[in-house]
Every structure is written in structure tokens, then in C-alpha cells.
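Enquirer: Handing you a structure now.
The values are calculated or read from the model by the stated rules, or taken from the named source; none is laboratory data. Just so you know, these numbers come straight off a predicted model, no measurement behind them. Here the Cβ is made from the backbone with ideal geometry for all residues, glycine too, and neighbour counts use every protein chain on show.
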Amino acid sequence: MDMQKIGRFLKELRIQNHMTQEQLGEKIGVTNKTVSRWECGTYLPPAEMLKALSDLYGLTINEILCGERLNEDQFKERAEENITAALKASTFTLKERIRFYKKKWLRDHISQLILCTASWAVLVVSLRLRGADAYLTGTAGGLLAIVFYVYLHHQMMKYVESRAFDGSGQ
């Protein structure tokens, strides 16, 4: 992404809409100094500001990141370039995304983990109460624990991979 080109485009859009930096800043909730930094190409507006600017100017975020209006043919090509550049510039590494989505899955599925643990405990206790030998109880409990672990780990990794590798976050 060419920060200078984006900045010039943002300035051009603001001027075409007959606004000062201060007026634009007031409309979208930033200072005129922030607008100035964007227009100079010092900083790229954060995602929420890109959305606000695209809504205000009736453009797509992709067009803002390209620093120009795009026709339909250019749109897809440039979108791919912008996504690739944004991912390369991302400070959120793959390891961090994986760790984040694992923690999120565990938080979201705590009841399932508790249910599996409770089921395992009920099996072990019932076998012991029925007089099952210790080796049978240990074997059955161990096998059930392995099955639960493999199933839950598989579910978690499907969730993590669908989000961490494609970046969709959905």
C-alpha cells in the first residue's frame, strides 16, 4: 500500500466534499491533527475510521486503500493486493491468532468440557460402586478420557483453523 497515495486521495476527497480537516475530524470523531497525519501519509486510518470514511465518501474501503476510485475489473485485483499487504503488515502473528482462538474456544465451550469431565467421573464411580476391578475401571476411564480428549481437541482445532488461517474471525 502506498501511504502517500492514500493520503493524497483522502485529502482530495475531503476537499471535493468542501470540508476542512477540522470539520472532517468532527464528523468522524478524530482531531484535525489525526486527519493531517492521514493526509500526509504518516499513518493509515484504523479499520473503524476507514469504515467511517468509506461511508462518508460513498466509497469502498478497498478504494481508499488503493488511493483511487476503481472500476469493477480493478476492484477484485486490488482487493487481493490490499488484503495481502494488510496481512503482511499485521502485528497479530499466526501463533498469536492460534493462541487467541484456542482460548476463545475453551471459554465458549467450558460447559462441554465440564460435561465430559462429569461423564468420565460418573463412569469411574459407577464402575467402582458395582465392584469392578481397579484395572477395568482404570482402563475404561482412561479410554473414555482419551476419546473425550481426541473429540474435543479435534473440535477446537477445526474451529481454530477455520479462523486463524483464513483470518475470517467468524
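Enquirer: What do you reckon, is residue 83 touching a Phe, Trp or Tyr at 6+ places or on another chain (Cβ under 8 Å), surrounded by 13 or more Cβ atoms within 10 Å (Cβ to Cβ), among the aliphatic types (A, V, I, L, M) and assigned to a helix (DSSP H, G or I)? Don't jump to the end; show me each part of the working.
Expert: Details: touching a Phe, Trp or Tyr at 6+ places or on another chain (Cβ under 8 Å): no; surrounded by 13 or more Cβ atoms within 10 Å (Cβ to Cβ): yes; among the aliphatic types (A, V, I, L, M): yes; assigned to a helix (DSSP H, G or I): yes.
It is false that residue 83 is touching a Phe, Trp or Tyr at 6+ places or on another chain (Cβ under 8 Å), surrounded by 13 or more Cβ atoms within 10 Å (Cβ to Cβ), among the aliphatic types (A, V, I, L, M) and assigned to a helix (DSSP H, G or I).
Enquirer: Residues in the range 12-45 that are in a helix (DSSP H, G or I) and within 12 Å of residue 57 (Cβ to Cβ): how many? Please lay out each step first, then the result.
Expert: Kept after step one, since they are in a helix (DSSP H, G or I), are these residues of the range 12-45: 12-16, 21-28, 32-40.
Of the ones still in play, those that are also within 12 Å of residue 57 (Cβ to Cβ) are 12-16, 24, 27-28.
Number of matching residues: 8.
Enquirer: Still on this structure, I have one more. Which pairs do you get when a residue that is more than 13 Å from residue 47 (Cβ to Cβ), found in the range 71-95, comes within reach of a residue that is at pLDDT 70 or above and in a helix (DSSP H, G or I), reach meaning Cβ atoms under 7 angstrom, with the pair 6+ apart or on two chains?
Expert: Hits for this filter: 75/62; 78/62; 78/66; 79/62; 94/164.
Enquirer: On to the next question. Can you pull out every residue in the range 122-139 that is surrounded by 14 or more Cβ atoms within 10 Å (Cβ to Cβ) and either assigned to a loop (DSSP other than H, G, I, E, B) or in contact with a Phe, Trp or Tyr (Cβ under 6 Å, 6 or more places away or on another chain) (or both)?
Expert: The first filter runs over the range 122-139 and keeps only residues surrounded by 14 or more Cβ atoms within 10 Å (Cβ to Cβ), leaving 123-124, 127-128, 132, 137.
Hit for the range 122-139 is 132, nothing else.
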